[in-house]
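Each remark here refers to the structure printed beneath this line.
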Amino acid sequence: MRLITLDLDDTLMACGEVDYGAAKQQFGEYTAPRSDASVSEAIEVLNRIEKSKVAEHGLAKERVPQSFIDAYYALANAPTSDGVRHVREIGESIFKTEDEYAERGLMDGAEQLLETLHNEPFDLHLITAGDPRVQQRKINGLQLEQYFDDTHIVPMDTKEETITDLLHHTGHDSTHAYHIGNSLQSDVRAALEADANAVHIQTHQWREVENAEYYQTHERVMMYESIADLVDDSPDRFLSHQLA
Ligand SMILES: [Mg+2]
């Protein structure tokens with residue numbers, strides 16, 4: 001038996017570009033003409049405010065529309081209540097309904113990967129950081145519970161604790177444990193800190209990690225451009241490595 005843990009956002013389901021990226025672009029296009037900033041400068045202001053809100057409040061979804069409103073006030077030459085309402089709605093549009101997540105579906109190759117892992121004798125766990133109300137909608141909409149022994153919605157930067165706890169409870173050796181995720185900061189770093197291996201899926205990064213090269217060249221890190229690449233490559237590399 002081996003422990004395999006998987007990230008959700010931008011690993012199993014597209015999220016950063018389609019949700020956050022699109023909303024930030026809309027914000028920039030609405031706010032820039034009402035300010036002295038260009039579209040990209042307006043988005044930069046929003047990113048800076050959003051980053052400080054995440055540092056202060058974590059991943060609760062209410063922070064997002066508030067970041068949009070704060071950025072609008074910081075930028076607009078003559079803020080109006082209609083403007084506030086409009087940018088709040090753009091911020092809120094990032095969070096979809098269960099049906100909308102269901103319709104979006106999984107990344108290419110993700111269903112095949114989950115089927116494969118589910119049919120092997122692995123302990124398989126989902127570990128996702130975010131607002132529990134939103135992440136549960138994704139889990140339900142994508143019908144992910146059928147594949148996993150358990151799903152864990154955790155606060156930002158605590159995945160290593162979850163992996164460590166799972167290793168402790170299941171009795172697996174960390175050298176045979178793998179965490180699969182797209183973020184160097186949230187996923188790869190967490191796996192290495194838990195003494196496990198990491199499979200880095202090189203899709204959208206929403207924040208930087210310090211010393212990225214350390215993680216990218218680490219001997220316990222395997223890299224794939226996408227989940228589809230990982231599926232194409234296994235069993236030659238990933239699964240054979242797992243089953244050996
Ligand atoms: Mg992710």
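Some notes on this structure:
- As a ratio to 2.2 N^0.38 Å, the alpha-carbon radius of gyration computed for the chain takes the value 1.09.
- Sorting the segments 177-189, 143-155 by their mean number of nearby beta carbons within 10 angstrom, highest to lowest, gives 177-189, 143-155.
- Helix 159-170 vs. the chain, principal-axis angle (Cα, 0 to 90°, nearest 10): 30 degrees
- Among 130-141, 99-110, the order from most to least packed when residues are scored by Cβ within 10 Å on average: 130-141, 99-110
- Estimated from helices alone, the mean residue ellipticity of the chain at 222 nm is -14000 deg cm²/dmol (sum of -39500 (n - 2.57) over DSSP H runs with n ≥ 4, per residue).
- Nearest-ten-degree value, helix 110-119 long axis tilted from longest Cα axis of the chain: 30 degrees
- 3J(HN,Hα) couplings calculated from phi for the stretch 146-152 with the Karplus curve 6.51 cos²θ - 1.76 cosθ + 1.60 (θ = phi - 60°) are, in sequence order, 4, 8, 9, 5, 6, 10, 10 Hz; Gly and Pro show x.
- At an R0 of 30 angstrom, the distance between the Cβ atoms of Ala102 and Thr158 translates into a FRET efficiency of 0.65.
- Between the amide H of Val199 and those of His179, Ile180, Gly181, Met222, distances stay under 5 Å, these residues lying 5 or more places away or on another chain, with hydrogens modeled in the peptide plane.
- Take every pair of alpha-carbon atoms less than 8 Å apart whose residues are at least six positions apart; their mean separation over the length of the stretch 16-96 yields a relative contact order of 36 percent.
- Around Ile139: net Lys/Arg minus Asp/Glu count, Cβ-Cβ under 12 Å: -1
- Between 0 and 90°, nearest 10: helix 63-75 axis offset from the chain longest Cα axis: 40 degrees
- Whole-Å distance, taken between Cα centres, linking the stretch 108-184 and the stretch 5-76: 26 Å
- Note on His169 and Asn211: the extension gain reaches 12.0 nm, defined as 0.36 nm multiplied by sequence separation minus the Cα-Cα distance.
- Take every pair of alpha-carbon atoms less than 8 Å apart whose residues are at least six positions apart; their mean separation over the length of the chain yields a relative contact order of 23 percent.
- Ordering 85-92, 36-43 by mean Cβ neighbour count within 10 Å, with the highest value first, yields 85-92, 36-43.
Values quoted throughout were computed directly from the atomic coordinates according to the rules given, and no laboratory measurement underlies them. For clarity, every value in this text was computed on a predicted model and none was experimentally measured. We place every Cβ from the backbone using ideal geometry, glycine too, and count neighbours over all the protein chains shown.
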